[in-house]
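Here it is, the structure in full.
The values are calculated or read from the model by the stated rules, or taken from the named source; none is laboratory data. None of these values were measured; they are calculated from a predicted model. Just so you know, the surface numbers come from the protein's heavy atoms only, side chains and all, with ligands and any DNA or RNA stripped out. Shrake-Rupley method; radii C 1.70, N 1.55, O 1.52, S 1.80 Å.
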Amino acid sequence: MKLVCPRDRTPLRDGVCQQGHEYLVVDGIPVLLVEEESPTHAACGRVEQLPPPPAEGLDPFVREVIGATCGRLYEHLIADLPEYPIPELRLPPGGRRTFLEVGCNWGRWCVAAARRGYVPTGIDPSLKGIQAARRVAEQLGVEAGYVVGDARRLPFADGSFDVVFSYSVFQHFSKHDALAVIREIGRVLAPGGRSLIQMANVYGARSLWNQVRERRFREPRTLFDVRYWGPRELRDELERRIGPTDLSVDGFFTLNPQPTDLPLLPARYRAVVRVSEAMRKLAERVPPLTLAADSIYAHSRRG
Ligand SMILES: [Zn+2]
């Protein structure tokens, strides 16, 4: 993984670029955040480190993160997560192609990519997340590069990656930031490279239900705790900045649970994931159903 300065894109050596910008390197991890950018994440700009992990078992940081994400479906697991939940990457075998995950946190998709034959790099603004990702990769015997940085200023040269992937990340960006990130993804993709971006759909069945409920009980501004996009809007922006784009279903009714996590879920949630999977398969034959999915994948090819 060759890094460049996130400000001027000259090569970095030991955390210093050719123009003299200096970056922290904590515990061997380059921290390539740029103060000029307003934070996209609570962890931005705060260089907090994790305490050392216990000698055995799952990383406590990962337990905590899993309990707090995925619409709290996994909350019951904080105390006794039996293994790291590694999702299934919906991409063809990697054949040693390079893979960038934008907003990787503890690196579950990077692990999935490595196991599928890709050479993964993960970037995230949270040093704690990246430290955990490195520890998890080591525990699982997976090779992956990790760096702390800002998705709007990717510290990689143009055309560095064959695949760029992002999951459950764009919903946290303002529209303005999301467009800057899409532009960056297009820049770091090699010609003919592919991106796969997961996004919450404003027209998803559950999204609509949440919006109706929230409008009834709360002020409308809270609608945008998760920033939903219309699928066509997302596709148009991706086509403008990356290239031809297709949409497909990730899931219905919830935002993030993975079929691979079925054994980890309580029965009532398992039922939801099973129905979602059945509808996802149905949508392959009935494409308009895609527009009603709560979680959508956008697959773009760089021209
Ligand atoms: Zn520089």
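What are the ³J(HN,Hα) values, in whole Hz, obtained from phi via the Karplus relation 6.51 cos²θ - 1.76 cosθ + 1.60 with θ = phi - 60°, for each residue of the range 14-22 in sequence order, with x given for Gly and Pro?
With the stated coefficients, the range 14-22 comes to 6, x, 10, 9, 5, 8, x, 5, 10 Hz.
May I pose another question? Rounded to whole Hz and in sequence order, give me ³J(HN,Hα) for the range 287-292 from the Karplus expression 6.51 cos²θ - 1.76 cosθ + 1.60, θ = phi - 60°, writing x for Gly and Pro.
x, x, 4, 3, 5, 9
Straight distance only, please: which lysines reach the Cα of LYS2 with their own Cα at less than 23 Å, same-chain residues fewer than 8 apart left out?
Filter leaves LYS128.
Going by amide H atoms built from the backbone, whose H comes under 5 Å of the H on ALA157, apart from near neighbours?
For ALA157, whose amide H was placed from the backbone, the distant partners under 5 Å are VAL4.
May I pose another question? Would you kindly find the accessible area of ASP162, with a 1.4 Å probe and non-protein molecules such as ligands, DNA and RNA excluded, rounding to the nearest 10 Å²?
Spelled out: ASP162, probe radius 1.4 Å, area about 50 Å².
For TYR146, what accessible surface area do you get with a 1.4 Å probe? Give it in Å², rounded to 10.
10 Å²
Quick one: what are the phi-derived ³J(HN,Hα) couplings along the range 162-174, Karplus 6.51/-1.76/1.60 with θ = phi - 60°, whole Hz, x for glycine and proline?
For the range 162-174, the Karplus curve yields 7, 9, 10, 10, 8, 9, 6, 10, 4, 5, 8, 9, 5 Hz.
Now, a different point. Return the whole-Å distance between the Cα centroid of the range 265-303 and the Cα centroid of the range 109-155.
Going from one Cα centre to the other spans 26 Å.
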